[in-house]
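For reference, the structure is listed below as structure tokens.
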């Protein structure tokens, strides 16, 4: 969801990609995520999950994670990612956005709201 939301708000000079800690490699985004974002005019139908790897993490200039344990796992996968890996809620007292994976639609709606708020704090810093 965060990838699609950032893509929709940043210009083409930014490359935005996501990767998971326990990704179901090659699987599409959750049906709830696709539906909820489509309601916001964001199409993530082409998204396919991929695993966070050393190569992926070294490609990125900035790594945003939803939960603290995601940050810890990113650091384990690639210790050189320290200093560029942050919680998406970093500017809101390091707020954690709960991952809605394997939950119902309402959890995805909640995540949309939380990502909207937390990503908004990054946008001025990225532009």
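If residue 57 satisfies every condition in (1) under 23 Å from residue 109 (Cβ atoms); (2) more than 12 Å from the chain's Cα centre (by Cα); (3) surrounded by 17 or more Cβ atoms within 10 Å (Cβ to Cβ) but one, which is the exception?
(1)
I'm checking my understanding of the structure. Among residues of the stretch 64-83 that are in a loop (DSSP other than H, G, I, E, B) and on the phi < 0 side of the Ramachandran plot, which one is surrounded by the most Cβ atoms within 10 Å (Cβ to Cβ)? Lay out the reasoning, then the answer.
Pass one, the stretch 64-83, residues in a loop (DSSP other than H, G, I, E, B): 66-67, 78, 82-83.
Subset that is on the phi < 0 side of the Ramachandran plot: 66-67, 78, 82.
Working: 66: 23, 67: 16, 78: 19, 82: 10.
Going through the qualifying residues, I end up with 66.
Using the structure shown, decide if residue 113 is assigned to a loop (DSSP other than H, G, I, E, B) and surrounded by fewer than 13 Cβ atoms within 10 Å (Cβ to Cβ).
Numbers: assigned to a loop (DSSP other than H, G, I, E, B): no; surrounded by fewer than 13 Cβ atoms within 10 Å (Cβ to Cβ): yes.
In short, no.
Provide a single number: the residues in the stretch 84-107 that are over 15 Å from the mean Cα position of the chain (by Cα), more than 16 Å from residue 122 (Cβ to Cβ) and surrounded by fewer than 14 Cβ atoms within 10 Å (Cβ to Cβ).
Counting residues in the stretch 84-107 that are over 15 Å from the mean Cα position of the chain (by Cα), more than 16 Å from residue 122 (Cβ to Cβ) and surrounded by fewer than 14 Cβ atoms within 10 Å (Cβ to Cβ) gives 3.
Looking only at the stretch 35-47, which residues are in a helix (DSSP H, G or I) and either at pLDDT below 95 or surrounded by 19 or more Cβ atoms within 10 Å (Cβ to Cβ) (or both)? Show your work before the answer.
Restricting attention to the stretch 35-47, the residues satisfying the condition of being in a helix (DSSP H, G or I) are 35-38.
The answer is 36, 37.
Just to be sure, is residue 72 more than 20 Å from residue 122 (Cβ to Cβ), out of contact with any helix residue (DSSP H, G or I) (no Cβ under 6 Å at 6 or more places or on another chain) and free of Cβ contacts under 8 Å to residues at least 12 places away in the same chain?
Details: more than 20 Å from residue 122 (Cβ to Cβ): yes; out of contact with any helix residue (DSSP H, G or I) (no Cβ under 6 Å at 6 or more places or on another chain): yes; free of Cβ contacts under 8 Å to residues at least 12 places away in the same chain: yes.
When the stated conditions are applied, residue 72 passes them.
Considering only residues that are assigned to a loop (DSSP other than H, G, I, E, B) and touching a residue at least 40 places away in the same chain (Cβ under 8 Å), which ones fall in the stretch 1-34?
We begin by selecting, within the stretch 1-34, every residue assigned to a loop (DSSP other than H, G, I, E, B); these are 1, 10-19, 21-27, 29-30.
Listed by number, the residues that qualify are 1, 10, 14, 17, 21, 30.
The values are calculated or read from the model by the stated rules, or taken from the named source; none is laboratory data. Since we're looking at a predicted model, the values are computed, not measured. Ideal geometry is used to build each Cβ from the backbone, glycine not excepted, and the neighbour counts take in all protein chains shown.
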